[in-house]
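Every read-out reported here was derived from the displayed coordinates using simple, explicitly stated rules and does not represent laboratory data. Owing to the predicted nature of the structure, the values given are computational and were not obtained by experimental measurement. FYI the Cβ positions are ideal-geometry reconstructions off the backbone, even for glycines, and counts take in every protein chain you see.
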Ligand SMILES: [Ca+2]
């Protein structure tokens, strides 16, 4: 009798495991196969893949291969700009790249903007994320949309609290975005630093009002550094490598990136 009971328990347990496995597979399976729209590891030895490229290809300690790109902010306002034009992602986007910062980097407030997204016109939706080199915190905001949870450089609100990035090591940045629709606050913004989910908001307002249907066409990776009284000084160079832009979450990234942390619970990390 006891053996039968144990057998029944085993069957129930096996069935439960099967249910959970199926549930996991359903959750982990992306709604559509994402397509990579752009990639550059600078192995061509040049920056010809970019519309505007104020960086310089260098063999100085690349993340992979033989080359990376160096952004020297002592040369003034700098930006690497990729225009995706008609192939710009219309619903979701995912951007991944690597950043290396030397230990002599010392540009003050607004050290540099590690990514900026623009609709492409003079007016239109715009979002920027930046690393504040005084506190080595990272923040950002979306222009024109009233999205304020990222906009707090003066409060030193930090997405990145585990240490400094000016350590000569390569650090990975990933951003997933899903546009909000119908001017509702139903967009998604997730940011990972070195594979750790640092920010998640599932009520993000990427666009609103006049720009309700705009999409990001210009990707600044990175954008400008400090200016005015916050201008960069000698040695303020950052390095980028292995940049990818997708029109959704890549299948290879989906299982770990969505399920880790609060990925499926709708809660916020560092946001409101
Ligand atoms: Ca490379």
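What the table shows:
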| quantity | calculated |
| --- | --- |
| Mean Cα-pair separation over length for the stretch 34-259, i.e. relative contact order, pairs under 8 Å, 6 or more apart, % | 34 |
| Computed E for residue 81/residue 185 - FRET, C-beta separation, R0 22 angstrom, nearest 0.05 | 0.15 |
